[in-house]
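Input: a single structure, listed below in structure tokens.
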């Protein structure tokens, strides 16, 4: 089944919008579970696409035993989305200024990681 490009490219963001709508206007456990499933579907879609579209394929770790980070690959890929999810739950469910500041910091970290990741996974500009 093929979708038009405009629908295919924006589908994960539609999942995030449905998740935000459910969290903003409803307050029951089944809705929280549904919102979590929509959020997970959007995250999985974005991470899978990023993996297929990478231009900077990671080198095999067996040939290069020195690792820059000690995180498993799957945790590394989903960590910014986890930061953002925790931040949104804190913002929506608390009124303490310290916790809201923590949520703001988590959002900044998630955005920073995603922007750096997008920038580092593109093909470098060539002179020709």
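Which order do peptides 2-11, 38-47, 89-98 fall in by mean Cβ count within 10 Å, highest first? Don't jump to the answer; show the numbers that get you there.
Values: 2-11: 9.9, 38-47: 18.0, 89-98: 11.7.
Peptide ranking by packing, descending: 38-47, 89-98, 2-11.
Modelled spin labels at residue 109 and residue 70, positioned 7 Å past Cα toward Cβ, are 1.7 nm from each other.
Values quoted throughout were computed directly from the atomic coordinates according to the rules given, and no laboratory measurement underlies them. Keep in mind it's a predicted model, so treat the numbers as computed, not measured. When we count neighbours, we look across all protein chains shown, and the Cβ atoms used for this are built from the backbone with ideal geometry, even at glycine.
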